[in-house]
Amino acid sequence: MTIKNPSREEIKDILQKAKVIAVVGLSSNPDRTSYQVSAAMQKAGYEIIPVNPTIDEALGVKAVATLKDIEGHIDIVNVFRRSEQLFDVAKEFAEIDADVFWAQQGLVNEEAYQYLKEKGYTVIMDRCIKVEHAITRAI
């Protein structure tokens, strides 16, 4: 089986409609990629919710330990965890009110992909949300 991401036009539509992004594995360290990508998305106007049980806050926002701790609707769950951890995150994702499961560049897990696709979710893997945001704004 192969991961099939939405088209660029579909990704553009997702990013234009989204307002809230929960970031699983967001670090409070400004040198980490998760912080830099999330800071750029926050600057672009998205509400960022840090999901990391090991930090108190990131980007000026109080962190939550799990996706289940978030109240309200989540448009995108952006994941910065190792590929082998994606299935566990996918199972938690399926239990909350969220639209899109997005695994950052370099992250792929076919089991998680298949699990979520079978449930009807939009799944994006091995793509950087910051890069896709920049590219699709130019389309």
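Which one, Ile135, Tyr115, Ala18, is farthest towards the positive end of the dipole of the chain when Lys and Arg carry +1 and Asp and Glu -1 on their Cβ?
Positive-end residue among those listed: Ile135.
Ordering His73, His133 by how much accessible area each has at a 1.4 Å probe, largest first, what is the list?
Final ranking, largest accessible area leading: His73, His133.
Could you pull out the longest piece of the chain with no exposed loop GluC sites (Glu not before Pro) in it, calling a site exposed if DSSP puts it outside H, G, I, E, B and it has at most 16 other Cβ atoms within 10 Å?
For GluC sites (Glu not before Pro) (loop position, at most 16 other Cβ atoms within 10 Å), the longest site-free span of the chain is 1-70.
What is the P(r) of the stretch 14-81, as percent of Cα-Cα pairs per 5 Å bin from 0?
With a bin width of 5 Å, the distribution comes to 4, 20, 33, 27, 13, 3, 0.
Can you tell me the accessible area per residue over the stretch 37-97, all protein chains present, probe 1.4 angstrom, in square angstrom?
The answer is 51 Å² per residue.
Give, rounded to the nearest 20 debye, the magnitude of the charge dipole that the chain has about its Cα centre when Lys and Arg contribute +1 at Cβ and Asp and Glu contribute -1 at Cβ.
It works out to roughly 440 debye.
Pairs of alpha-carbon atoms within less than 8 angstrom and 6+ residues apart define the contacts here; what relative contact order does the stretch 2-72 have, in percent?
Computed value for the stretch 2-72: 27 percent relative contact order.
Just the number: Rg to Rh for the stretch 69-131, Cα atoms, Kirkwood Rh, two decimals.
When Rh is taken as the Kirkwood radius, the ratio is 0.93.
Pull out the extension gain between Ser83 and Arg8, defined as 0.36 nm times the separation in residues minus the alpha carbon to alpha carbon distance; nm, one decimal.
24.7 nm
Of all trypsin sites (Lys or Arg not before Pro) in the stretch 76-139, which ones are in loop regions per DSSP and have a Cβ with at most 13 other Cβ atoms within 10 Å?
Arg82, Lys119
Tally Lys/Arg at +1 and Asp/Glu at -1 over every other residue whose Cβ is under 14 Å from the Cβ of Phe87; what's the total?
-2
Can you work out D for the chain in µm² s⁻¹ from Stokes-Einstein, where Rh is the Kirkwood radius over C-alpha pairs, the temperature is 10 °C and the viscosity is 1.306 mPa s?
107 µm²/s
Not counting ligands, DNA or RNA, and with a 1.4 Å probe, what is Tyr121's accessible surface area in Å² rounded to the nearest 10?
Using a 1.4 Å probe on the heavy atoms, I get roughly 50 Å².
The values are calculated or read from the model by the stated rules, or taken from the named source; none is laboratory data. As the structure is a prediction and not an experimental result, all values here were calculated from the model. Neighbour counts are summed over all protein chains in view; Cβ atoms, including those assigned to glycine, are modelled from backbone coordinates with ideal geometry. These accessible areas exclude ligands, DNA and RNA; they are computed on the full protein's heavy atoms, side chains included. Shrake-Rupley method; radii C 1.70, N 1.55, O 1.52, S 1.80 Å.
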